[in-house]
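J.: Below is one structure. I have some questions about it.
The values are calculated or read from the model by the stated rules, or taken from the named source; none is laboratory data. Nothing here was measured: the structure is a model prediction, and the numbers come from that model. FYI the Cβ positions are ideal-geometry reconstructions off the backbone, even for glycines, and counts take in every protein chain you see. All accessible areas refer to the heavy atoms of the entire protein, side chains included, with ligands and DNA or RNA removed. Shrake-Rupley method; radii C 1.70, N 1.55, O 1.52, S 1.80 Å.
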Amino acid sequence: MSSSELYYTKQQFTLGAYPTLVSLPLPDSSSPEYTPTLLYKVRAHLALGDTSSALALIPSDTENVTLRAAAALARGEEGLEALRDLCVEIEGDEDTEDWEKELVTVLAGAAFVRAGEIEEALETLGGEGKTDDEPAALLSQIYLSLARPALAQKVLAPALKANPDALVLQLAESAISLVTGSQGTSGEPYAPALSFYNEQVANPSVSSAALLVGRAVVRILRGELTAAQSDLEEAGSILSRAQCERGTSDMLAAMVVAASLGSSKKGDADELWSRLSTQHPSHPMVTDISAKELLFDECASKFPVPPRAVIVV
């Protein structure tokens, strides 16, 4: 799993260039790179929310544990039991390679997180001291979602020490910087995250809307709204050229925030919000705000408005 072609494929996936990745041709089925490349394409489709295309790539009669795990992840909650069985199956199995075992646990952990089974995800991925790249990165993201940035950093540190050049670990580290407002050595807020995104956006071999959206979020947090909106417009252009409507959710969410805080025309934020909530109703920002709207309406209904006061002269 170390050829230049496979490294490029892994890089595209890690940096969120999913539209590029799904359009890449597969190597010959006899190549040792066939299954790892196929898995990245399947995962790219899943990242874009295209479950049917992901499943269509996986042979229904496959015996490969990683492909079976990917298929189970694509099936959502219906695939959870199959993932539990696969995690048991690979324990102590000498015929399963280490990278396959690592990927099965990552896919299972991701499925458990999606299903809200956080404890099971943590148990599956392992604990502190884990040095495998993807499990450590996913663990750190889970701890961030639980508002435990110190634990996120603790599980990421040994993996970064073992492999400081791993993009997936650098990406996870930048997420911690976003949450904590880490200044790094420069003294600038969110400097580590901005440095990572600047370096990757400048990479000529990657054209990723996700990277531009990530940098835009950093710039929004730093109050650099004009620069953030420029990044978001460029991200929109990339997705438009790729005809990838499925990848616009995070971009639209960031656009809503930038338009609300900036000097956009009146109504721009409302229009963007309408697009986001209509096209991506399950986006976390939409579900969170919708839940708060319902809660507000419930609370407001308990307090009837009194009749207008009449002034007696």
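J.: Tell me yes or no: at least one residue of the range 74-83 is surrounded by 17 or more Cβ atoms within 10 Å (Cβ to Cβ) and under 27 Å from Ala210 (Cα atoms).
T.: Checked the range 74-83: at least one residue is surrounded by 17 or more Cβ atoms within 10 Å (Cβ to Cβ) and under 27 Å from Ala210 (Cα atoms).
J.: Further question: Of all the residues that make up the range 230-251, how many are farther than 19 Å from Glu271 by Cβ and among the acidic types (Asp, Glu)?
T.: Within the range 230-251, residues that are farther than 19 Å from Glu271 by Cβ and among the acidic types (Asp, Glu) number 2.
J.: Restricting the search to the range 262-282, which residues are open to solvent by 40 Å² or more (accessible area, probe 1.4 Å) and assigned to a helix (DSSP H, G or I)?
T.: If the condition is that a residue be open to solvent by 40 Å² or more (accessible area, probe 1.4 Å) and assigned to a helix (DSSP H, G or I), then Asp268, Asp270, Glu271, Trp273, Ser274, Arg275, Thr278, Gln279 are the ones that fit.
J.: If a residue must be among the acidic types (Asp, Glu) and either over 30 Å from Ala258 (Cβ atoms) or touching a His at 6+ places or on another chain (Cβ under 9 Å) (or both), how many such residues does the range 268-313 contain?
T.: Here the count works out to 1.
J.: Select, from Gly187, Gly181, the only residue that is among the small types (Gly, Ala, Ser), at positive phi and free of Cβ contacts under 8 Å to residues at least 24 places away in the same chain. Quick ask: steps written out before the conclusion?
T.: Details: Gly181 fails: free of Cβ contacts under 8 Å to residues at least 24 places away in the same chain.
The unique qualifying residue is Gly187.
J.: Being among the charged types (D, E, K, R), closer than 26 Å to Ser208 by Cβ and open to solvent by less than 100 Å² (accessible area, probe 1.4 Å), is that true of even one residue in the range 291-298? Give the derivation first.
T.: Restricting attention to the range 291-298, the residues satisfying the condition of being among the charged types (D, E, K, R) are 292-293, 297-298.
Still in the list and also closer than 26 Å to Ser208 by Cβ: none.
No, because not a single residue in the range 291-298 is among the charged types (D, E, K, R), closer than 26 Å to Ser208 by Cβ and open to solvent by less than 100 Å² (accessible area, probe 1.4 Å).
J.: Related question: Do you know which residues across the range 122-151 are more than 16 Å from the chain's Cα centre (by Cα), in a helix (DSSP H, G or I) and over 16 Å from Val88 (Cβ atoms)?
T.: Restricting attention to the range 122-151, the residues satisfying the condition of being more than 16 Å from the chain's Cα centre (by Cα) are 122-132, 147-151.
If we keep only those that are in a helix (DSSP H, G or I) as well, we get 122-125, 149-151.
Once the filter is applied, which keeps residues that are more than 16 Å from the chain's Cα centre (by Cα), in a helix (DSSP H, G or I) and over 16 Å from Val88 (Cβ atoms), the range 122-151 yields Leu122, Pro149, Ala150, Leu151.
J.: Something else now. Specify which of the listed residues (Leu139, Leu125) is open to solvent by less than 10 Å² (accessible area, probe 1.4 Å), of a type in the set (A, V, I, L, M, F, W, C) and modelled with pLDDT under 95.
T.: Leu125
J.: Tell me, please, whether a residue that is over 18 Å from Leu261 (Cβ atoms) and assigned to a loop (DSSP other than H, G, I, E, B) can be found in the range 220-241.
T.: No - not one qualifying residue is present in the range 220-241.
J.: May I pose another question? How many residues does the range 255-313 contain that are of a type in the set (A, V, I, L, M) and either within 29 Å of Leu48 (Cα to Cα) or touching a Phe, Trp or Tyr at 6+ places or on another chain (Cβ under 9 Å) (or both)?
T.: Here the count works out to 14.
J.: Further question on the same structure: Under 9 Å by Cβ, and 6 or more places apart or on different chains, what pairs join a residue from the range 203-227 that is closer than 16 Å to Arg241 by Cβ and free of Cβ contacts under 8 Å to residues at least 60 places away in the same chain with one that is in a loop (DSSP other than H, G, I, E, B) and of a type in the set (Lys, Arg)?
T.: As it stands, the answer is none, since no pair meets every condition given.
J.: Condition first: open to solvent by 30 Å² or more (accessible area, probe 1.4 Å), part of a helix (DSSP H, G or I) and among the hydroxyl-bearing types (Ser, Thr, Tyr). Now tell me which residues in the range 155-189 satisfy that.
T.: Answer for the range 155-189, where residues must be open to solvent by 30 Å² or more (accessible area, probe 1.4 Å), part of a helix (DSSP H, G or I) and among the hydroxyl-bearing types (Ser, Thr, Tyr): just Thr180.
J.: Follow-up. Working only within the range 242-261, note down all residues that are open to solvent by less than 20 Å² (accessible area, probe 1.4 Å) and not in a loop (DSSP other than H, G, I, E, B).
T.: Correct list: Thr248, Met251, Leu252, Ala253, Ala254, Val256, Ala258, Ala259.
J.: Just to confirm my filter: which helices (runs of 4 or more DSSP H) fall fully inside the range 34-115 and include at least 1 residues that are among the aliphatic types (A, V, I, L, M), modelled with pLDDT of 95 or more and more than 22 Å from the chain's Cα centre (by Cα)? Before the answer, list the steps.
T.: Values: elements: 34-47, 51-57, 65-74, 80-89, 98-114.
By residue number, 51-57, 65-74, 80-89.
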